[in-house]
Amino acid sequence: MSAQPTTATGASAAAPTVKLLINGEWVESAATEFRPVVNPATQEILARVPLATAAEVDAAVGAAQRAFATWRHTPLGARLRIMLRYQALIREHSKRIAAILTAEQGKTLADAEGDIFRGLEVVEHACSIGTLQQGGFAENVAATVDTYTLQQPIGVCAGITPFNFPAMIPLWMFPMAIVCGNTFVLKPSEQDPLSTMELVRLAVEAGVPAGVLNVVHGAREVVDALCTHPDIKAVSFVGSTAVGTHVYNLAGAHGKRVQSMMGAKNHAVVLPDAHREHTLNALVGAAFGAAGQRCMATSVAVLVGAARDWLPDLVAKARTLKVGAGSEPGTDVCPVVSVAAKQRVLGLIDAGVREGATLALDGREVQVPGYPDGNFVGPTVFADVTTDMSIYTQEIFGPVLVVIGVDTLDEAIALVNRNPFGNGTGVFTQSGAAARKFQSEIDVGQVGINIPIPVPVPYFSFTGSRGSKLGDLGPYGKQVVQFYTQTKTVTARWFDDATVNDGVNTTISLR
Ligand code: NAD
């Protein structure tokens, strides 16, 4: 396997550079440091991403700040009609962008189309902003006095996104922010910004005006510059817990509204009365799809009572999955995103063995014909796992499923609730009473009942909780309209001559 340089300056000078978008212009960065965008199946360097300079970040925020002055007053209908054009363009270009996404991120073409589709649904929902951004009204709160609320845009917002959904997660952010009347600076993942940039291009083509959407590339320094910039009012972050906590604290200390959606350890609880075939299919798909690189991937299977006996069937099913390049038909399990990610996953598998778990299926030595350099890890299953092992305490973010046996549903619920993360969980059962008890007592933000990856559709909001989220409001849905707007409450009296003379009121009461 050939290791990749951390900076591609010189080494891959032939690869095209990724542009910034500042004030409607595609800008060649003056950066001196670049990172390579690498195909995870082949190690081909597809492009070089600049780590933008401080002046470029300033220019992007400045453009967004200037554009806000007019964009905030653009009629709702004009804003939502841009979103109508945008959703049509995304639909039209979905297959082409999916191929780019697969090349830079690794996931299968079908899953790449799914990544785009789940983002497209948010854009479709943004077209309903006319009803989503409505305020309230109460007539006659006192004589001739009415009270009403306005949901006003807050200004320049920033978004920082992870590598695992380069389409869906940027689309969680900027369409809803700008349709509410804000302007935006996006910082995509530096590992796979190409498909994100294609979506940004389509937004411009749909009619998003200059300065309303800007893009800067980079890593820690650019993120810190956004979190501390005095003209940015809100920051949306999706990524790991360590970085999300840093962003939340730094941007919060600089007076910004912040939402951080972060890491996970998602448990699927299997009761012995569950539909066996459906449940095993669900577990295997949710654990190993996208090589386990989903924040809602099933990473822990909790087999309750007699469901413990299902382990051999679970392993047998996982063994049938085809590991391969995402661009190859029939691939079930794609490569992980980078050489470093593969080394980390292999290190955690080694730790699981060292710490005494039973390696029921070992994906470490998987070979993929035609792709000798790919970052492949085969489906891996650990049994006899205890909660103090690193494979349980850490988010592996690879195709590794850890299996824990317990005696009762109560024990399973207690186990899930003891885990610090609260992103997603699922229960598999044919008992409505058991499912209802689970949904009521489980302390996790998103619950699936016979559904392995319960990511809510955009008419609801993404609602991870506890260690998986900082900030009160989730991305997309009604919650994000609250996040991207400031409520202003107006109390107004209009009177005619007959009602004017009610004297001086020296109290706080409305009369
Ligand atoms: P990451 O935290 O490494 O990177 C996320 C973003 O932060 C990127 O844009 C990156 O450039 C930037 N960044 C990286 N290091 C930084 C630093 N030291 N300081 C400031 N910024 C930095 O995450 P990732 O590896 O790209 O994505 C995987 C993680 O994201 C997993 O933990 C996964 O669970 C999580 N995730 C969570 C959700 C959710 O909704 N809860 C969704 C998708 C992914």
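Taken as Cα centroids, the range 23-62 and the range 383-415 sit 39 Å apart, rounded to the nearest whole angstrom.
Of the residues S468, S431, S29, S327, the one with the fewest other Cβ atoms within 10 Å heads the list, and the complete ranking is S431, S327, S29, S468.
Dipole of the chain computed with +1 at Lys/Arg Cβ and -1 at Asp/Glu Cβ about the Cα centre; of A69, T161, T228, farthest Cα towards the positive end is A69. With the highest mean first, a sort of the peptides 475-482, 191-198 on other beta-carbon atoms found within 10 angstrom per residue produces 191-198, 475-482. For the chain, relative contact order (Cα pairs under 8 Å, six or more residues apart, normalised by length) works out to 18 percent.
Taken about its Cα centre, the range 385-453 carries a charge dipole of about 200 debye when Lys and Arg each add +1 at the Cβ and Asp and Glu each add -1 at the Cβ.
Would you mind classifying the chain by shape? Square roots of the alpha carbon gyration tensor eigenvalues, ordered a ≥ b ≥ c; an a/c under 1.5 is rounded, otherwise it is prolate if a/b is larger than b/c and oblate if not. It comes out oblate by the Cα gyration axes. Helices in the chain, meaning DSSP H runs of at least 4 residues, each add -39500 (n - 2.57). Divided by all residues, the mean residue ellipticity at 222 nm is -11500 deg cm²/dmol. Among V300, V208, sorting on how many other beta-carbon atoms sit within 10 Å of each Cβ, with the fewest leading, yields V300, V208.
Taking every eigenvalue of the Cα gyration tensor of the range 46-193, multiplying by 5 and rooting it, what semi-axes result, largest first, whole Å? Largest first, the range 46-193 gives 34, 20, 12 Å.
The mean sequence separation of alpha-carbon pairs under 8 Å and at least six residues apart, normalised by the residue count of the range 204-265, gives a relative contact order of 31 percent. Ranked by how many other Cβ atoms sit within 10 Å of their own Cβ, fewest first, the residues K233, K187, K19 fall in the order K19, K233, K187. With contacts taken as Cα pairs under 8 Å at a separation of at least 6 residues, the range 230-313 carries a relative contact order of 28 percent.
Read-outs throughout are calculated quantities, based only on the coordinates presented, and are distinct from any laboratory measurement. Because the structure is predicted, anything quoted here is derived from the model rather than measured. Backbone-built Cβ (ideal geometry, glycine too); neighbour counts: all protein chains shown.
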